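What follows is calculated from the coordinates using simple rules that are stated; it is not laboratory data. Every value quoted in this text rests on a predicted model; they were computed, and no experiment measured them. We place every Cβ from the backbone using ideal geometry, glycine too, and count neighbours over all the protein chains shown.
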Amino acid sequence: MNVYDFDNTIYDGESMFHLFLFYIKKYPRFLKHFKDVLKLVKIYKKGEMTITDMLEKYAPVIESEAAHIKSFENDAKEFWDKHQKNIKPFYKDIQQPDDVIITASPDYTMKEICRRIGVNNLICSEYDVENNKLKFFCLKDNKVKAFRQRYPDTTIDNFYTDSPENDKPLIDISENAYLVKGNKITKIK
């Protein structure tokens with residue numbers, strides 16, 4: 001089984017940041033969080049964000065602002081209409097029917113892009129849109145926990161990531177691991 005991180009791996013960029021920019025255009029009130037979001041992206045990219053930090057510091061802000069979103073489903077469709085072009089071309093060339101995407105990005109956006117590109121297996125952060133609550137944040141060790149719950153007896157043959165720091169727990173349980181930078185893929189394990 002091949003498992004892929006999403007952002008900067010098969011998606012060119014940080015989809016959650018792009019989604020935030022999408023929401024700034026749609027709901028200008030989100031602009032007041034721009035500096036905090038930039039800081040969050042930097043911390044995340046350095047591998048310094050913990051799950052506890054995310055849940056304590058950022059989840060309340062996300063939940064508060066998400067209360068103003070009118071239709072998560074329509075927004076996901078509109079977002080991917082504009083950003084599906086960011087799926088890197090190499091992925092289509094190596095895609096397999098049993099591929100798994102595992103990402104910190106939220107389910108309401110990820111389900112839409114996975115449907116569009118033909119990926120049936122998705123593990124991601126879970127956002128309860130009806131109750132406006134972040135239920136599960138799929139990052140670091142939580143990625144392994146979620147993978148083991150869903151695929152308890154499955155070996156990851158090949159794991160692809162842009163961030164060995166953030167995805168070390170998944171690299172550790174994979175037979176082979178690959179670093180993706182742009183469209184260049186380098187074996188790291």
When we measure straight from the Cα of Lys140, which lysines land under 19 angstrom away, once same-chain ones fewer than 8 places off are left out? Lys39, Lys42, Lys45, Lys46, Lys57, Lys168, Lys189
Using just the helices of the chain, give the 222 nm mean residue ellipticity in deg cm²/dmol: DSSP H runs with n ≥ 4 each add -39,500 (n - 2.57), and the total is spread over all residues, rounded to 500. -11500 deg cm²/dmol
Calc'd 3J(HN,Hα), region 26-34, phi into Karplus 6.51 cos²θ - 1.76 cosθ + 1.60 (θ = phi - 60°), Hz, glycine/Pro = x, comes to 7, 10, x, 4, 5, 4, 4, 9, 4
Treating the angle as unsigned and between 0 and 90°, give the value, to the nearest 10°, between the Cα long axis of helix 141-150 and the longest Cα principal axis of the chain. 70
State the antiparallel share, in %, of DSSP beta bridges confined to the chain, rounding to the nearest 5. 35
Just Asp36, Asp167, Asp141 to compare: in a GNM of the chain, with alpha carbon springs under 10 Å, which one fluctuates most? Asp36
For Lys88, counting only aspartates and glutamates whose alpha-carbon sits under 16 Å away and dropping same-chain residues fewer than eight positions off, the answer is Asp5, Asp7, Asp12, Glu14, Asp99, Asp162
Under the classification rounded if a/c is under 1.5, otherwise prolate if a/b is larger than b/c and oblate if not, where does region 75-184 fall, given a ≥ b ≥ c as square roots of the Cα gyration tensor eigenvalues? oblate
Take every Cα pair under 8 Å in the chain that's 6+ residues apart, average their separations, divide by the length, and report that relative contact order as a whole percent. 28
Order the peptides 26-32, 74-80 from the highest to the lowest mean number of other Cβ atoms within 10 Å of their residues. 74-80, 26-32
